[in-house]
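The values are calculated or read from the model by the stated rules, or taken from the named source; none is laboratory data. All values reported here derive from a predicted model rather than from experimental measurement. Glycine also receives a Cβ, built like all others from the backbone with ideal geometry; neighbour counts cover every protein chain displayed.
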Amino acid sequence: MENVYLKYGVKKVINASGKMTILGGSILSDEVIEAMGFGAASFFEISDLVNKTGKYISNLLNVEDACIVSSASSSIAMITASMIVKDNLNGILNLHKVKNRFKREIVMAKGHNVDYGAPVETMINLGGGELVEAGYSNACSKEHIEASITEDTVALLYIKSHHCVQKGMLSIEEMVEIGRKYSIPVIVDAAAEEELTKYYDMGVDLVIYSGTKALEGPTAALVVGKRAYIDNLKLQTKGIGRAMKVGKEGILGLTKAIELYVNSEKVTLKEQEEFLTPFMNNINNLDGISGKVVRDGAGREILRGEISFDADKFTDVKKIVSLLKSGDVAIYTRDYRANEGKIEIDVRAVNNDELNIIYNRVAEIALEEK
Ligand SMILES: *Cc1c(COP(=O)(O)O)cnc(C)c1O
């Protein structure tokens with residue numbers, strides 16, 4: 001393989017920040033790459049491929065139906081459109097021209113109206129939907145959702161994500177209860193979540209998972225749920241869905257990644273701790289810096305190395321973050337608590353050599369910056 005870094009002059013990246021879309025999400029296993037290669041080099045009847053891989057995945061997960069789409073974002077738009085026009089061909093073909101002839105309100109908690117890298121609301125609008133925010137930024141109860149339901153409501157959307165306000169929000173179970181009571185479908189965007197059947201089993205009608213996050217697959221996404229809704233979602237490929245087409249290599253790659261994900265042993269918390277401990281011990285030997293292993297803030301089975309810089313020695317931890325990014329090899333850490341003097345190292349895609357590079361660079365910067 002020719003040297004891409006040299007040829008195009010792009011930087012090497014060590015990704016200690018997690019599944020960040022701006023860094024390309026995940027690194028794929030050889031088996032997934034092989035499946036993608038086969039997909040790229042072969043022809044299929046595409047609708048057959050979509051249907052049969054969907055069936056394979058639904059058997060694997062024991063859900064009614066499933067479908068691979070191009071991204072979690074596009075699935076929000078396509079699902080919105082499909083909830084509005086259902087199987088009405090005129091509606092599918094002319095979504096934005098005829099949308100006022102269809103009901104099109106999507107109800108979601110205000111605290112869920114987040115920007116995950118792009119705004120949820122923009123994806124809803126792309127699909128012809130109009131967002132109705134329920135409750136307040138810090139509080140949304142069942143009653144708030146119910147009070148926002150009108151004649152024009154076509155779906156309830158719940159964003160299960162660390163990006164959202166966590167306190168004061170109704171649960172997914174409560175959202176499902178409301179959906180049942182008013183006969184309105186419930187959609188859960190679980191893009192970065194790890195449990196592929198949990199929300200479906202709670203009675204959610206459609207659940208969305210991004211391909212490049214927990215699943216460690218290619219740029220694509222998985223939607224699982226009730227067949228009637230998945231069927232309507234697929235019809236969108238005649239309309240706006242064409243602009244969000246998933247390739248055969250993406251379909252085969254993500255299907256393989258899901259199979260591997262379901263059958264693989266998860267790295268245990270203990271194994272994660274063992275991997276992190278020598279690094280944290282080294283960090284603790286640096287003057288004015290302390291390290292400890294911490295659990296993921298959103299409660300997922302992820303441990304990270306938290307590095308705290310003493311406030312009296314290091315005044316500008318944001319600068320340290322940008323120095324880490326601007327070296328010969330760009331080192332990306334989790335920096336959303338830099339203002340508190342802390343950064344976190346996510347090691348899910350970091351090997352031992354890279355961990356050493358991170359340590360050396362932190363030590364070097366620490367000397368310069370003190
Ligand atoms: C990442 C993310 C998305 C978008 O996923 P893509 O597959 O990159 O489009 C949507 N919603 C949430 C909550 C996310 O975290």
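Some observations on this one:
- Single condition His163 does not satisfy, out of (1) more than 16 Å from the ligand (Cβ to nearest atom); (2) surrounded by fewer than 18 Cβ atoms within 10 Å (Cβ to Cβ); (3) of a type outside the set (D, E, K, R): (1)
- The set of residues from region 205-214 being within 10 Å of the ligand (Cβ to nearest atom) and at pLDDT below 95 comprises Thr212, Lys213.
- Condition check for Ser29: more than 16 Å from the ligand (Cβ to nearest atom), more than 28 Å from Lys226 (Cα to Cα), in contact (Cβ under 8 Å) with a residue 40 or more places away in the chain and surrounded by 15 or more Cβ atoms within 10 Å (Cβ to Cβ): yes
- Among the residues listed as Ala155, Ala72, Ala77, Ala139, the single one being away from the ligand (no atom under 12 Å from the Cβ) and surrounded by 23 or more Cβ atoms within 10 Å (Cβ to Cβ): Ala155
- Members of region 184-204 that are away from the ligand (no atom under 16 Å from the Cβ), touching a Leu at 6+ places or on another chain (Cβ under 6 Å) and closer than 15 Å to Ala155 by Cβ: Ile184
- Total residues in region 319-370, condition in contact (Cβ under 8 Å) with a residue 60 or more places away in the chain, buried (at least 18 other Cβ atoms within 10 Å of the Cβ), in contact with a helix residue (DSSP H, G or I) (Cβ under 8 Å, 6 or more places away or on another chain) and not in a helix (DSSP H, G or I): 7
- Complete set of residues in region 153-179 that are without any contact (Cβ under 8 Å) to a residue 40 or more places away in the chain, more than 20 Å from Ser82 (Cβ to Cβ) and not acidic (Asp, Glu): Lys160, Lys167, Ser171, Ile172, Ile178
- Cross-chain or 6+ apart pairs with Cβ under 6 Å, region 208-225 first and among the aromatic types (Phe, Trp, Tyr), then buried (at least 24 other Cβ atoms within 10 Å of the Cβ): Tyr209/Ala190; Tyr209/Leu222
- In summary, Ser183 fulfils each of the numbered conditions (1) farther than 23 Å from Ala72 by Cα; (2) among the small types (Gly, Ala, Ser); (3) in contact with a strand residue (DSSP E or B) (Cβ under 9 Å, 6 or more places away or on another chain) with the single exception of condition (3).
- All positions within region 14-43 that are of a type in the set (Val, Ile, Thr) and in contact with a helix residue (DSSP H, G or I) (Cβ under 6 Å, 6 or more places away or on another chain): Ile14, Val32
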